[in-house]
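The values are calculated or read from the model by the stated rules, or taken from the named source; none is laboratory data. Everything quoted here is computed from the prediction, not taken from an experiment. Here Cβ is always computed from backbone atoms with ideal geometry, including for glycine, and neighbour counts include all displayed protein chains. The protein model used for the area step is the full one, side chains on, heavy atoms only, and it has no ligands, DNA or RNA in it. Shrake-Rupley method; radii C 1.70, N 1.55, O 1.52, S 1.80 Å.
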Amino acid sequence: MLAFVSGASRGIGAACAVELARQGCDVIINYNKSRAAAEEVAKAVVARGSKAMLCRMDVSDPGAVNAVCSELVRMHGTPDILVNNAGISISGLVQDMTEDQWDALINGNLRSMFLLCKAFVPGMVSRKSGCIVNISSMWGQTGASFESVYSASKGGVDAFTKSLAKELGPSGIRVNAVSPGCILTDMCAGYSEADLKALADETCLGRNGTPQDIANAVAFLASDKASFITGQILGVNGGMVI
Ligand code: NAP
């Protein structure tokens with residue numbers, strides 16, 4: 001099995017790449033800026049007995065995705081598993097957000113998924129099999145103050161996931177999303193200790209999540225154990241949203 005993980009140089013994507021390798025997948029590790037970190041992820045994948053391919057590409061850039069993914073398909077075939085994880089976060093009052101920030105969030109978090117699906121779905125449809133796991137956010141379900149645009153991008157991810165599940169199910173392709181709560185990665189670096197404690201206190205389990213918590217859910221949804229699950233948004237948030 002071949003998996004493609006977008007934004008796999010750090011955080012949740014890196015954990016997904018290594019967990020999928022543990023389950024026996026070869027992994028294409030996409031990154032944009034963090035080459036050295038992506039190389040470390042590749043070493044971890046290889047250490048688990050799988051092949052690792054590094055792929056630099058800005059997944060929000062249509063030209064780059066079209067060119068690089070065509071070459072990937074030519075060299076390795078269409079991936080069996082697509083994990084759409086790459087994303088960014090920008091916080092602020094809606095009246096302070098710029099149109100450029102809107103574009104960066106929508107393109108980085110939502111257009112990127114559309115572009116990667118356009119690149120890989122045709123091969124999955126021809127093969128009549130495939131699995132797509134999108135990384136959403138609990139804020140896409142609940143909305144978040146100071147995160148209206150980020151939340152809108154993730155609400156879009158949820159709707160895109162459900163729609164694609166309906167469109168691609170007849171072709172034997174499952175499409176699901178994992179919707180994380182607060183996960184301790186670089187994305188949360190802006191939170192103070194007090195903020196993180198307050199977020200942990202809002203969960204039923206009294207803690208924030210780890211990248212491995214999300215990787216476990218992604219690997220499950222990507223596996224045959226989830227063969228009757230599609231169109232679902234799986235919350236992995238310690239019970240913060242029920
Ligand atoms: P992170 O630690 O900031 O890592 C982001 C990753 O995405 C990096 O590998 C980065 O690559 C990559 N990336 C960003 N823009 C990219 C682009 N245009 N093209 C290619 N790669 C790009 O973030 P994270 O916390 O792991 O977040 C991963 C996903 O989980 C995101 O979709 C995020 O919205 C979602 N999420 C996170 C949390 C949380 O609390 N952490 C909660 C809910 C949802 P480079 O460094 O190589 O540029």
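Numbers below:
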{"read-out": "From the options Gly156, Gly181, residue that is within 10 Å of the ligand (Cβ to nearest atom), crowded, with 16+ Cβ neighbours inside 10 Å and not β-branched (Val, Ile, Thr)", "value": "Gly181"}
{"read-out": "Of all residues making up the range 193-214, the number that are in contact with an Asp or Glu (Cβ under 9 Å, 6 or more places away or on another chain) and more than 13 Å from the ligand (Cβ to nearest atom)", "value": "0"}
{"read-out": "Those helices (runs of 4 or more DSSP H) lying entirely in the range 1-99 with at least 1 residues at pLDDT 95 or above and in contact with a Pro (Cβ under 9 Å, 6 or more places away or on another chain)", "value": "11-22, 62-76"}
{"read-out": "Leu196 being among the aliphatic types (A, V, I, L, M), open to solvent by 40 Å² or more (accessible area, probe 1.4 Å) and in contact (Cβ under 8 Å) with a residue 12 or more places away in the chain", "value": "no"}
{"read-out": "Conditions (1) among the aromatic types (Phe, Trp, Tyr); (2) surrounded by fewer than 19 Cβ atoms within 10 Å (Cβ to Cβ); (3) closer than 21 Å to Pro62 by Cα: number failed by Tyr150", "value": "(2)"}
{"read-out": "Any hit, the range 137-144, residues being within 11 Å of the ligand (Cβ to nearest atom) and part of a loop (DSSP other than H, G, I, E, B)", "value": "yes"}
{"read-out": "Residue list for the range 152-184, restricted to those being touching a helix residue (DSSP H, G or I) at 6+ places or on another chain (Cβ under 7 Å), closer than 15 Å to Gly235 by Cβ and part of a helix (DSSP H, G or I)", "value": "Lys154, Gly155, Val157, Asp158"}
{"read-out": "Any hit, the range 82-104, residues being away from the ligand (no atom under 11 Å from the Cβ) and touching a strand residue (DSSP E or B) at 6+ places or on another chain (Cβ under 9 Å)", "value": "yes"}
{"read-out": "Of residues in the range 216-237 being touching a residue at least 24 places away in the same chain (Cβ under 8 Å) and assigned to a helix (DSSP H, G or I), the one surrounded by the fewest Cβ atoms within 10 Å (Cβ to Cβ)", "value": "Asn216"}
{"read-out": "Residues of the range 199-215 satisfying the condition of being under 26 Å from Arg10 (Cβ atoms) and open to solvent by 80 Å² or more (accessible area, probe 1.4 Å)", "value": "Glu202, Leu205, Arg207"}
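Here is a yes/no grid of residues against (1) within 13 Å of the ligand (Cβ to nearest atom); (2) farther than 18 Å from Arg111 by Cα; (3) surrounded by fewer than 17 Cβ atoms within 10 Å (Cβ to Cβ); (4) touching a residue at least 24 places away in the same chain (Cβ under 8 Å):
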site: Ala8; (1), (2), (3), (4): yes, no, no, yes
site: Gly11; (1), (2), (3), (4): yes, yes, no, yes
site: Tyr31; (1), (2), (3), (4): yes, no, no, yes
site: Ala38; (1), (2), (3), (4): yes, yes, no, yes
site: Met53; (1), (2), (3), (4): no, yes, yes, yes
site: Asn66; (1), (2), (3), (4): no, no, yes, yes
